[in-house]
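Every number in this text was worked out from the coordinates using simple rules, so none of it is lab data. All values reported here derive from a predicted model rather than from experimental measurement. FYI the Cβ positions are ideal-geometry reconstructions off the backbone, even for glycines, and counts take in every protein chain you see.
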């Protein structure tokens with residue numbers, strides 16, 4: 001009877017794990033699709049309102065300007081942009097799966113990677129459809145878009161979550177190793 005009970009417990013545990021996985025991936029997908037939708041809607045608005053190079057001033061050094069970016073990483077790698085972008089997206093998803101199973105900051109990782117994936121998809125959709133990425137937020141000589149902002153913020157969130165997780169683990173380990181004195 002014990003063997004059967006153990007197998008049932010293992011099946012139940014696996015079912016709960018799979019359910020948690022499904023929720024985790026669903027939340028990541030919703031965040032990514034929200035970023036993708038906002039990014040694509042704003043890019044289409046800029047493409048339909050302004051010709052390339054045209055725009056309007058906002059404030060200070062900021063403006064809205066239709067910029068066509070044929071490369072990646074600030075305009076480099078023009079000829080190989082699409083394969084590079086697909087490979088980068090697969091690497092991000094693999095890294096998320098690896099970290100989500102090992103780190104204690106799962107909610108922060110979920111939000112950070114949702115932003116990273118959504119931003120990556122926003123630029124990937126442009127590359128696949130148009131052969132370029134539409135940037136429209138201009139700050140001096142730099143131009144970027146909502147996808148780029150999501151990628152940057154997502155990266156910061158993931159980095160902070162991982163550092164906080166490591167610090168918390170170290171504090172917990174040090175606290176557990178410290179002898180307790182004088183208390184009954």
Check your understanding: Using a simple spin-label model with points 7 Å from Cα along the Cα→Cβ vector, what separation in nm is obtained for residue 159 and residue 130?
Key -> 2.8 nm
**Study point:** Net length gained if the chain between residue 87 and residue 50 were fully extended (0.36 nm per residue, minus Cα distance)
**Key:** 10.2 nm
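Given a cut-off of under 8 Å on Cα pairs at least six residues apart, what relative contact order in percent is computed for region 118-162?
40 percent
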**Study point:** Contour minus Cα-Cα distance for residue 38 and residue 167 (0.36 nm per residue)
**Key:** 43.0 nm
Exercise for review: Within 10 Å of each residue's Cβ, count the other Cβ atoms and sort 151, 137, 38 from fewest upward.
Suggested key: 38, 137, 151
